[in-house]
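Reviewing the structure listed below.
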Amino acid sequence: MARTKKIKKVLVANRGEVATRIIRACKELGIKTVAIYSEADSNGIWVKKADEAYMIPGDPIRAYLNFYKIVDLAKQTRCDGIHPGYGFLSENADFASYCEKRGLIFIGPKPEHIALFGDKIASKKAMKEVGVPVLPGTDEPITDIEYAKKVAREIGFPVIIKAAYGGGGRGMRIVEKESDFEELFRSATAEAEKFFGKGDVFIEKYVKNPRHIEIQIMADKYGNVIHLGERDCSIQRRHQKIVEIAPSPRLNDEVRRELYRVAVKSMFKLGYESVGTLEFLVDEDDNFYFIEMNTRLQVEHTVTETVTGVDLVQRMIQIAEGTKLPFLQEDIKFRGYAIEFRINAEDPDKNFAPSPGKITSYYSPGGPGVRIDAAVYKDYIIPPYYDSMIAKLTVWALSWEQTVNRAKRALDEFQVRGVPTNLPLLRQIVRDKDFMDGKFDTSYLDRKLPKFRLKPEEGNPEDLAVVIAAAIAAYHKL
Ligand code: MV4
């Protein structure tokens, strides 16, 4: 029997919207919260929303990575749990172990599972052994170029070279023909070494224009494993997702059922616990292949929450406490569609480079079926050190068409001034016929970008005042 220990106070080891999201979950559970922040983040709203907050001086990024300092602080403030959010320490197995060693509950999976899935070769092998389809390729890191070439020939070109400890497309190379192999192999290895400290790479069959479908699962300490459906994350640019959808509007029902089945079965067999996401590539003939697993709460968890009504962050906390899942698979009901839009402070004129600075005007949408997860406000200064995502808009409606219409309305309502954002791009996507028809794969944005008008006049700062003045004038004439 696993331990059960009610968590009373959580240190939130993150910043921005996810720190706010975790604080909200804790408040509803009656759990006290401790926030941390860097000097550059003194004006962050999560700092004000938490019960207590402590500045970690020095480097603005290391503040959220210094795990000895963070754990010391959690002990000093009498926390019993730590939530890592996403990014930063969320998939650091050493951090999870260290929390446990210091008597703190790490709100996430066991260190052994974080480590297993951090190793793309080991995890592919483990998943294959529990019956999950994977792409043909090497199941050891390859160092010998001649051997690698031989394997590539056997698989058949094109192949893809991937970093074993990689992410975000770093250390990844597509090889179309044998004569390119040697050069690309060397550059992949060098890039993997540079970014991940380990140059290990592996190769597998390359899937052209796949859809990226991921399955959300949830497992407690007692062997109860359920899925919460899929998300379609195909709409991305340079491995940065910007639109995520639940459920996938054009996924074949048989494929969907099979994805759910292998996801639940494999996680049960591996004894996984906490929330987690299995990423699959779905090819043009509806074959699917596991590529990797994320052992953290993901940015796009909001769409899953919206169509299931399940609070993933609260469940994650209660699983870590040792509470049994309060529902079975058949209790999970899926209702309608949800789309999440990531609002980024980035400049379409500068190849979407981050555009930090002061937000001079901020009006977020509301009304039926609209959820906002943000950590910005009027006069907030976006610091230059972190991710450019400033807000997430999640819309919901019963049908796909209604959801897209609601998305148009909500994106039009959204006003951010002072810094350029990707809002004009998002407004173009929801007006695109292929998007509305559910026709998109991972090549969608690269194909569409040249056709999109990214500066439909944003208007001038007086616009809203003019509209209001006109409305008042009209009212007085009645
Ligand atoms: C692939 C692939 C095609 N074939 N693997 C990109 C990041 C990493 N998570 C895995 N990625 C891919 N792996 C094989 N064998 C295509 C991609 C890929 C991709 C995957 C998901 C979402 C967007 C993508 C964009 C380009 C390439």
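The numbers here are math on the coordinates, done by the rules we state, and not lab data. Predicted, not measured: the structure shown is a model, and the values here were computed from it. Quick reminder, even Gly has a Cβ in these numbers, built from the backbone with ideal geometry, and neighbours come from all protein chains shown.
Take the chain, drop everything but the C-alpha atoms, weight them equally and run the Debye formula without solvent; then report log10 I(q)/I(0) at 0.08, 0.14 Å⁻¹ to two decimals. One equal scatterer on each Cα of the chain leads to -0.50, -1.56. The phi torsions of the range 130-142, fed into the Karplus equation with coefficients 6.51, -1.76 and 1.60 and a -60° offset, translate into couplings of 9, x, 9, x, 10, 7, x, x, 7, 10, 9, x, 9 Hz, rounded to whole numbers, with Gly and Pro shown as x.
Taking the Cβ of F95 as the centre, find all other residues whose Cβ is under 15 Å away and add up their charges (Lys, Arg: +1; Asp, Glu: -1).
+2
Our helix-only sum for the chain, with -39,500 (n - 2.57) per DSSP H run of n ≥ 4 divided by its residues, gives a mean residue ellipticity at 222 nm of -10500 deg cm²/dmol. Taking a span of 24 Å or more along the helix axis (Cα atoms) and a mean Kyte-Doolittle hydropathy of at least -0.5 as the rule, the DSSP H helices of the chain that qualify are 253-270.
Would you tally the net charge around V376, using a Cβ to Cβ cut-off of less than 15 Å, leaving V376 out, and scoring K and R as +1, D and E as -1?
+3
Were the residues from Y54 through Q76 laid out at 0.36 nm apart, the gain over their Cα-Cα distance would be 6.8 nm.
Which FRET efficiency value, to the nearest 0.05, is calculated for S187 and K333 with the Förster distance at 45 angstrom and r the Cβ-Cβ distance? Between S187 and K333 the formula returns 0.40. Roughly how far apart, in whole Å, are the Cα centres of the range 156-197 and the range 349-393? Cα centroid of the range 156-197 versus Cα centroid of the range 349-393: 34 Å apart. Relative to its residue count, the range 365-420 spans a Cα convex hull of 91 Å³ per residue. Between V130 and K6, the distance separating the two model label sites (each 7 Å from Cα on the Cα→Cβ line) works out to 3.2 nm. Determine the shape class of the range 118-201: with a ≥ b ≥ c the square roots of the Cα gyration tensor eigenvalues, call it rounded for a/c under 1.5, and otherwise prolate if a/b is greater than b/c, oblate otherwise. Here the range 118-201 falls in the oblate category.
Return, ordered by residue number, the residues of the range 347-382 whose backbone nitrogen is under 18 Å from a label point located 7 Å along Cα→Cβ of R453. Backbone N within reach: 348-349. Applying the criteria of a DSSP loop state and at most 12 other Cβ atoms within 10 Å to the trypsin sites (Lys or Arg not before Pro) of the range 30-81 yields R78. Distances between every pair of Cα atoms in the range 1-85, grouped in 5 Å steps from 0 to the bin holding the largest one, split as 3, 16, 29, 25, 16, 6, 3, 1, 0 percent. The residues packed around D41, meaning those with a beta-carbon under 14 Å from its beta-carbon, carry a net charge of 0 if Lys and Arg are +1 and Asp and Glu are -1. Under the combined filter of DSSP loop state and at most 11 neighbouring Cβ atoms within 10 Å, the range 309-375 retains none of its GluC sites (Glu not before Pro).
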